Amino acid sequence: MALSRATALMLVVAALGTGYAARRWYRHHAHHWVALAAPRPGPTWTPPALTIPIGHPRLWWTPERLARGRAWAKRTAFHPRQDEPSELALAYVLEGDRAAGRKAVDWLLRLTLETSGVASDQARWNGEDAMLVFDWCHDLLNVAERQILVSRWNSTLDALNRKPWGGAGMEGNNYFWGYLRDDVEWAIASAHENPAAPDLSRYALGTRFGHQFVPWAEGPGRGGVLPEGSQYGPYLVDYATIPLVATADMGVDAWDATSFFKEAIYYLVYATTPAPTTTAHGGERRFELFPFDDDEKFLEEGGSAEKPELAAFVIAASEQWRGAPVGQYARAWLDLVAPKLSPLSAASAGGPPVKSRPFTDLPLDDYAPGAGMLYARNVWGPAASVVNLQLGRPEGVGHQHVDWGTFQIWRGGRWLTRETVGYGDAIADWGGSRLEGVPTTKDGTVASDGALGHNTVLFEGEGARTADNRRAPPHLLRVASRPAFAYAAVDLTDSYRCSPDECRPERDENFYAGSVVREFIYLRALEALVIFDRMEASDDRAPAAEVVKSFVLHAETKPVADGENRLRIDNGGQTLRLFTLLPARETPRVVSEGGKVGQFRVEIDTTGAPLGYFLNVLQARGGSDPDLSVTLQEGANDFTLRVAHPTHGSAVVVFAKGKSSHGGAVGFAPTGTPVPAPLSEGIQGIAIGDAGPRWQ
């Protein structure tokens, strides 16, 4: 007899316990874990058997890499950190340092992992070190020690592979990949002396990778976005690097079992700032990824694109595909960012050089259909302005924020607007404190991972209440990439409301939201992002005409009023100009979010008819560059926006009235009068192959 969803959920929660990881598991997956555990639809992959050599080392090292590594160790007089087991093992395999090797082996023999909880951070943090020490220092272990380790790790991995958190349905999650990596590396390292190794290899590569990850990668993961964001996302490719290289060395090409890893290279190309970037919190200029999801280290450490975890993957990818454009773009990314290298990456460098291919051969826009991420720019190079639109939400992950429908803008080494980056840090509630008649927390704060930490729209100060239990994810309506502009429209309605049979309304529901449709047009030559919001209030809790609708924008520096419905945000020699055309006469409110991650937040409120509109134009420019001229004409059935720059041309944008995205037109002319042409109805196709994104 099949268990009901409620009964199954009770059994899982009872097994998980009540700790932090259990609460996070419940928050992100309890309502749909049964469905996620079922096989995903889509293509699968069945690997051939690995050809595993008898001798050691097996993981990473080939004779050619060993020669490179030993030359590097001699040239640099490599001295391992005494608290890093993998560096101690590296000193043994490259320099024959038996004392370092024995110290690594002693650490391995002492290491045991706690497996009774929801998940094991130790398995992610220490698992690969353990496998490398076992493999690289194998001849320092006696037979009895090897037998102890084989028994211990077989039992440990079996326990971890049975856990829901990090299992099927979480293919984009760092625990899923930490466990998958450990399985693959242990199967290889312990082969020929571990009777369980062949079954573990089949499970890791066949089931976890081929029948769980590959369908996810070709569906919810399509486009290669690292779906857990700027901090946790890189762990996916970091954990994959040694398994991908080692299995390829043994006759199994997992690199090309899915397009995901090639797509991930292009994600990094488009999501990395074109130049080193400074935040207003101070610190040195570093290359960054456009942030999303949890990232408590973005402000604390900086350099989110320079992580050694990313470097190891991109170096391996550039060598794997050295003869294809994707490998050459990977090389160009490495040349641009110059990321930090781990000792292993540094020791392995120096092989046949990979040709660098200029990014100017790529289109200006990239769209990842799985996560719903669109990146658009006006030119390639450090002089670019770059826009990021989050039109969907990743699946199969943890560490998720309520950030669908948000946008971010970068120019000239500065964030002109970005999300408030953090984990779940406290920031000021809507209005900056308690607004009369509006419920808020006792101290007047909310968590930064909620809607208010992002560039979004609100009803009565609320966006979506939680990341899960949504009635449905965002519905992408229209996407187009054209020489003069990039365009997207998304219906967010169902992601503001919760599914009645799977939510607690007072916790999950936004009772005030009726319908929400956002449209974005990025005018390249004018470096202007036009945002048109169609917002219809619900009368579930209050008369719809009285519901307060809000447009929200974040800035690192304090915005200053500069004319009616005009704001100016200056940041390090760069400027963002906000022109609010609709509503016509509402005074923006500037809130200091406070706390360790807070920025300044612009809130523009309006009430009135149940269906209302926001129309904002955001101009990115140098601090001394001229402003755009922006005017709006309202017709019976539409709005006509005219935008002009003194030297860069002019544009006309037409939006049809109504709650749905339909019709409309846009035109641009470098000189003279632009002639608007109809906006595309539907979604322009995109394919990402060896040579990068190709719009259809």
Original post:
What is the percent of Cα-Cα separations in segment 564-642 that go past 16 Å?
Top reply: 61 percent
Original post:
What Kirkwood hydrodynamic radius, in Å, does the chain give when the mean of 1/r is taken over all pairs of distinct Cα atoms and then inverted?
Top reply: 26.6 Å
**OP:** Collect residues whose amide H, placed 1.01 Å from N in the peptide plane, falls under 5 Å from the amide H of ARG482; neighbours closer than 5 in sequence don't count.
**Re:** TYR487
Original post:
Using alpha carbons only, how many degrees (0 to 90, rounded to 10) separate the axis of helix 85-95 from the longest principal axis of the chain?
Top reply: 60 degrees
Subject >> In sequence order, calculated HN-Hα J values of segment 178-185 (Karplus, 6.51, -1.76, 1.60; Hz; x Gly/Pro) >> reply: x, 5, 4, 4, 4, 4, 4, 5
Original post:
At q = 0.10 Å⁻¹, what log₁₀ I(q)/I(0) does a Debye calculation on the Cα points of segment 352-508 give, no solvent, two decimals?
Top reply: -0.45
Subject >> q = 0.21 Å⁻¹: log10 I(q)/I(0) that the Debye formula gives for segment 605-645, counting C-alpha atoms only >> reply: -0.83
Original post:
When the Kirkwood hydrodynamic radius is evaluated over all pairs of different C-alpha atoms of segment 163-207, what value in angstrom, to one decimal, is obtained?
Top reply: 10.8 Å
**OP:** Mind listing the long-range amide H neighbours of THR277? Cut-off is under 5 Å, sequence gap 5 or more, other chains count too, H placed in the peptide plane at 1.01 Å from N.
**Re:** ARG286, PHE287, GLU288
Original post:
Which percent of the Cα-Cα distances in segment 243-355 go past 23 Å?
Top reply: 32 percent
Original post:
What does the accessible area of PHE600 come to, in Å² to the nearest 10, when a probe of 1.4 Å is used?
Top reply: 50 Å²
Subject >> Cα-only radius of gyration and Dmax that characterise segment 141-261, units Å >> reply: 14.6, 47
Subject >> Accessible-area composition of segment 95-249, carbon plus sulfur, in percent [1.4 Å probe] >> reply: 49 percent
Subject >> Angle between the chain longest axis and helix 143-161 axis [Cα atoms, degrees, rounded to 10] >> reply: 30 degrees
Original post:
How long are the three semi-axes of the equivalent ellipsoid of segment 74-122, in whole Å, if each is the root of 5 times an eigenvalue of the C-alpha gyration tensor, listed from largest down?
Top reply: 28, 11, 7
**OP:** Report, in whole Å, the centroid distance computed from the Cα atoms of segment 158-223 and segment 334-382.
**Re:** 27 Å
Original post:
Taking N as the number of residues in segment 605-696, what value does Rg over Cα atoms divided by 2.2 N^0.38 Å take?
Top reply: 1.36
Subject >> Ellipticity estimate at 222 nm from DSSP helix runs (n ≥ 4, -39,500 (n - 2.57)) divided over the chain, nearest 500 >> reply: -8500 deg cm²/dmol
**OP:** May I ask for the Rg/Rh ratio of segment 314-395, computed from Cα atoms with Rh as the Kirkwood radius, given to two decimals?
**Re:** 1.04
**OP:** Using the heavy atoms of the protein chains and a 1.4 angstrom probe, tell me the accessible area per residue for segment 144-283 in square angstrom.
**Re:** 24 Å²
**OP:** Please report the relative contact order for the chain, taking Cα pairs under 8 Å with a sequence separation of at least 6, and give it as a percent rounded to a whole number.
**Re:** 10 percent
Subject >> Folded to 0 to 90 degrees: helix 260-271 orientation relative to the chain principal axis, Cα >> reply: 50 degrees
**OP:** Please get the size of the charge dipole for segment 470-556, origin at its Cα centre, with Cβ charges of +1 on Lys and Arg and -1 on Asp and Glu, quoted in debye to the nearest 20.
**Re:** 360 debye
Subject >> Using distinct alpha-carbon pairs, which all enter the 1/r mean, Kirkwood radius of segment 93-155 in Å >> reply: 12.4 Å
Subject >> Computed magnitude of the charge dipole of the chain (debye, nearest 20; Cβ of K, R +1, Cβ of D, E -1) >> reply: 860 debye
Original post:
Given 0.36 nm per residue, what is the gain on full extension from ALA77 to ARG694 after removing their alpha carbon distance, in nm?
Top reply: 217.5 nm
Original post:
Can you list, largest first and rounded to whole Å, the semi-axes you get for segment 120-191 by taking the square root of 5 times each eigenvalue of its Cα gyration tensor?
Top reply: 24, 12, 9
Original post:
Thinking of segment 464-529 as a set of Cα atoms, what percent of all their pairs are more than 14 Å apart?
Top reply: 61 percent
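The values are calculated or read from the model by the stated rules, or taken from the named source; none is laboratory data. Because the structure is predicted, anything quoted here is derived from the model rather than measured. Please note: Cβ atoms are built from the backbone with ideal geometry, for glycine as well, and neighbour counts cover all protein chains shown. Surface areas here come from the heavy atoms of the whole protein model, side chains and all, with no ligands, DNA or RNA. Shrake-Rupley method; radii C 1.70, N 1.55, O 1.52, S 1.80 Å.
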